[in-house]
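Novice: The structure's right below; bear with me while I get my questions together.
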Amino acid sequence: MSKIMEYFQILTQIPHCSENTEQLLAFLVDFAQERAYKVEVDESKNIFISKGKPNLCLQAHYDMVCMGKAPCIETYIEEGWMRAKDASLGADNGMAIAMMMEIMDNNINIEILLTAEEEIGLIGANKVAFDLQSDYMLNLDSEDEAEVYIGCAGGVDITAFKQDEYSDGEGECYEIAVKGLVGGHSGVDIDKGIASAIKVLGAYLEENKITQLASIYAGERRNSIPANAVAIIRSIKPLENKGEVSVRILKESPKVLSEGYQIITLIENFKHGVHLHNEDLGIPDVSINLAILTADEKGGIKIETSARAMDSQSLEKLSKETLEFFASYGFDTVLEDKYPAWKPDISEFTKLVDEEMKKEFSKSKFMAIHAGLECGVIAQKYPHIKFASIGPTIRYPHSTREEVNILSVERTHKVLEGIIQRLS
């Protein structure tokens, strides 16, 4: 096993789910300082590592989306791919950190920016204010080898709230569950035909004309396509399993939400998924993920969505349409954690990265991604810096199917070394 993979294996054993990254923060600070790198940590827990006077900054985030058993991660290798047993792997973005650790082992003059809480809204990137000296920044959060990313989607989190009340119900009590769907990233996987557990659940409830909703807990993370959804309902007519929906009778007589039927109708009518495709880039242009839906014991209903678009005008239009949709069902809404799109830009730096990619893979292409890369946020703060993004092949991030191609890691690291050498 290469040094990079050994380092990644170490990282998998240090918990670093979003909002629980203190152990990895301490580890990375110690690792860099032990190798005589200067280290700064800001109030948002971003880490800035530097040595010498380089003109290249490597950038990644150090939190991960924990799904399944994560942060308890047990890795295994199968046919050249590393995976985790019943857990997200954390190759997004841990493999980038492992490559940076190898760079520091070699005592290379470099700047390294590791941001906090990327997976829950680019929080760290929005707070970055270090005195970066580099003219170029290479983000290592892309997930396809032989591709140079030069643009990304902007996005905003839209959350809807409504206060309902409970009243008496009638009929049998049922648990209606959709569990263990494949899930996926709400940006890069939104056009792959992955079923949303919330939409599957809603379709079943609508088909069976269910109007009595006692409770619902659906979805896992705002930036993940829902893999699980469970509702407790009352029904006069008997219900049966169907497809991915399992039905279980409960010996309970819960009260039901007075406007539960509206929630079911809302799920059915919400336009989850791709709204517009970008034919030039071959990726979604506008999309929205119906991510999480819950109802608490006091009748408070909360819906969380993640909206994305490749330009600011389309994002504004989608946001307005979504707010109007929720308002038609009596919901109040808030927009949070908005981040800008990174307009595709071919520069001398991206051409250099492209050349190094072709040396290793004999091919390369410029790409944009339908997800929020931190480049878009950081570029607004440092307009003098030129950006590009690369990374090894990672499939199914943000899910228990996440996997990384080991050979791709090694070859991408060679590309990284070539870029560093040319800019040193």
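The values are calculated or read from the model by the stated rules, or taken from the named source; none is laboratory data. Since the structure is predicted, the reported quantities are computational estimates derived from the model, not experimental observations. Neighbour counts run over all protein chains shown; Cβ positions are idealised from the backbone, glycine included.
Novice: Do you know which of the residues in the range 1-58 that are in contact with a Lys or Arg (Cβ under 9 Å, 6 or more places away or on another chain) and hydrophobic (A, V, I, L, M, F, W, C) is nearest to Ile378 (Cα to Cα)?
Specialist: Checked the range 1-58; the qualifying residue nearest to Ile378 (Cα to Cα) is Phe48.
Novice: Also, I was wondering about something else. Out of all the residues in the range 276-296, which are farther than 18 Å from Ile225 by Cα and within 16 Å of the chain's Cα centre (by Cα)?
Specialist: Result: no residue meets the conditions.
Novice: Quickly run through the range 316-344 and pick out the residues that are within 15 Å of Asn289 (Cα to Cα) and among the aliphatic types (A, V, I, L, M).
Specialist: Correct list: Leu318, Leu323, Leu335.
So that you can scan it fast, the table gives a plain yes or no per residue for (1) without any contact (Cβ under 8 Å) to a residue 60 or more places away in the chain; (2) closer than 22 Å to His185 by Cα:
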residue: Met5; (1), (2): no, no
residue: Gln13; (1), (2): no, no
residue: Gln23; (1), (2): yes, no
residue: Phe27; (1), (2): yes, no
residue: Asp30; (1), (2): yes, no
residue: Ser44; (1), (2): no, no
residue: Ser50; (1), (2): no, no
residue: Pro71; (1), (2): yes, yes
residue: Met101; (1), (2): no, no
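Novice: Spot the failing condition for Gly202; the list is (1) more than 19 Å from Glu304 (Cα to Cα); (2) over 20 Å from the mean Cα position of the chain (by Cα), and only one is missed.
Specialist: (1)
Novice: Any chance the range 314-321 includes a residue that's more than 19 Å from Lys338 (Cα to Cα), in contact with a Lys or Arg (Cβ under 9 Å, 6 or more places away or on another chain) and modelled with pLDDT of 95 or more?
Specialist: Of the residues in the range 314-321, the ones more than 19 Å from Lys338 (Cα to Cα) are none.
Looking through the range 314-321, none of the residues is more than 19 Å from Lys338 (Cα to Cα), in contact with a Lys or Arg (Cβ under 9 Å, 6 or more places away or on another chain) and modelled with pLDDT of 95 or more.
Novice: Would you confirm whether any residue within the range 42-55 is more than 29 Å from Ile225 (Cβ to Cβ), among the hydrophobic types (A, V, I, L, M, F, W, C) and over 25 Å from the mean Cα position of the chain (by Cα)? If you could, list the steps in order and put the result at the bottom.
Specialist: First, pick out the residues of the range 42-55 that are more than 29 Å from Ile225 (Cβ to Cβ): 42-43, 47-55.
With among the hydrophobic types (A, V, I, L, M, F, W, C) added as a condition, the list becomes 47-49.
From what's left, over 25 Å from the mean Cα position of the chain (by Cα): none.
There is no residue in the range 42-55 that is more than 29 Å from Ile225 (Cβ to Cβ), among the hydrophobic types (A, V, I, L, M, F, W, C) and over 25 Å from the mean Cα position of the chain (by Cα).
Novice: I'd like the residue in the range 261-294 that is modelled with pLDDT of 95 or more and small (Gly, Ala, Ser) and, out of all such residues, is farthest from Ile210 (Cα to Cα).
Specialist: By that ranking, first place goes to Ser287.
Novice: Considering only the range 296-327, state which residues are surrounded by 24 or more Cβ atoms within 10 Å (Cβ to Cβ) and either closer than 17 Å to Asp164 by Cβ or outside the structural domain of Leu257 (by TED's automatic domain parsing) (or both).
Specialist: Selection gives Ile301, Ile303.
This table checks each residue for (1) buried (at least 19 other Cβ atoms within 10 Å of the Cβ); (2) in contact with a strand residue (DSSP E or B) (Cβ under 8 Å, 6 or more places away or on another chain).
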{"position": "Pro15", "(1), (2)": "no, no"}
{"position": "Val29", "(1), (2)": "no, yes"}
{"position": "Gln33", "(1), (2)": "no, yes"}
{"position": "Ala36", "(1), (2)": "no, no"}
{"position": "Val39", "(1), (2)": "no, yes"}
{"position": "Asp42", "(1), (2)": "no, yes"}
{"position": "Ile47", "(1), (2)": "yes, yes"}
{"position": "Lys53", "(1), (2)": "no, no"}
{"position": "Leu56", "(1), (2)": "yes, yes"}
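Novice: Follow-up question, since we're still on this one. Looking at Glu175, is it at pLDDT 95 or above and either touching a Ser or Thr at 6+ places or on another chain (Cβ under 8 Å) or surrounded by fewer than 19 Cβ atoms within 10 Å (Cβ to Cβ) (or both)?
Specialist: yes
Novice: Also: Only one of Leu201, Leu114, Leu132 is buried (at least 24 other Cβ atoms within 10 Å of the Cβ) and either acidic (Asp, Glu) or outside the structural domain of Asp296 (by TED's automatic domain parsing) (or both); which?
Specialist: Residue meeting the stated conditions: Leu114.
Novice: Further, regarding this structure: Does the range 347-367 include one or more residues that are under 17 Å from Pro284 (Cβ atoms) and either in contact with a Lys or Arg (Cβ under 9 Å, 6 or more places away or on another chain) or surrounded by 15 or more Cβ atoms within 10 Å (Cβ to Cβ) (or both)?
Specialist: Looking through the range 347-367, at least one residue is under 17 Å from Pro284 (Cβ atoms) and either in contact with a Lys or Arg (Cβ under 9 Å, 6 or more places away or on another chain) or surrounded by 15 or more Cβ atoms within 10 Å (Cβ to Cβ) (or both).
Novice: So which residues in the range 245-295 are farther than 30 Å from Lys343 by Cβ, polar (S, T, N, Q) and in contact with an Asp or Glu (Cβ under 6 Å, 6 or more places away or on another chain)?
Specialist: Result: Ser258, single match.
Yes/no matrix, rows are residues, columns are (1) among the hydroxyl-bearing types (Ser, Thr, Tyr); (2) closer than 22 Å to Leu290 by Cβ; (3) touching a residue at least 12 places away in the same chain (Cβ under 8 Å):
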| position | (1), (2), (3) |
| --- | --- |
| Tyr149 | yes, no, yes |
| Gly154 | no, yes, yes |
| Gly180 | no, yes, yes |
| Gly187 | no, yes, yes |
| Lys192 | no, yes, no |
| Ala203 | no, yes, yes |
| Ile225 | no, yes, yes |
| Lys242 | no, yes, yes |
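Novice: Kindly provide the set of residues from the range 151-198 that are more than 28 Å from Leu239 (Cα to Cα), outside any strand (DSSP E or B) and of a type outside the set (A, V, I, L, M), ordered by number.
Specialist: First, pick out the residues of the range 151-198 that are more than 28 Å from Leu239 (Cα to Cα): 151-163, 184-192.
Now drop any that are not outside any strand (DSSP E or B), which leaves 153, 186-192.
Of everything in the range 151-198, those that are more than 28 Å from Leu239 (Cα to Cα), outside any strand (DSSP E or B) and of a type outside the set (A, V, I, L, M) turn out to be Ser186, Gly187, Asp189, Asp191, Lys192.
Novice: If you don't mind, there's one more thing I want to ask. Mind listing just one residue for me: the one in the range 117-142 that is within 19 Å of the chain's Cα centre (by Cα) and of a type in the set (Gly, Ala, Ser) and, of those, nearest to Lys53 (Cα to Cα)?
Specialist: Among those residues, the one meeting the criterion is Ala125.
Novice: For a quick check of your reading of the model, give me the residue pairs whose first member lies in the range 359-370 and is outside the structural domain of Asp311 (by TED's automatic domain parsing) and modelled with pLDDT of 95 or more, whose second is surrounded by fewer than 16 Cβ atoms within 10 Å (Cβ to Cβ) and of a type in the set (Lys, Arg), with beta-carbon atoms closer than 8 Å and at least 6 apart or on different chains.
Specialist: Glu360/Lys414; Ser364/Lys358
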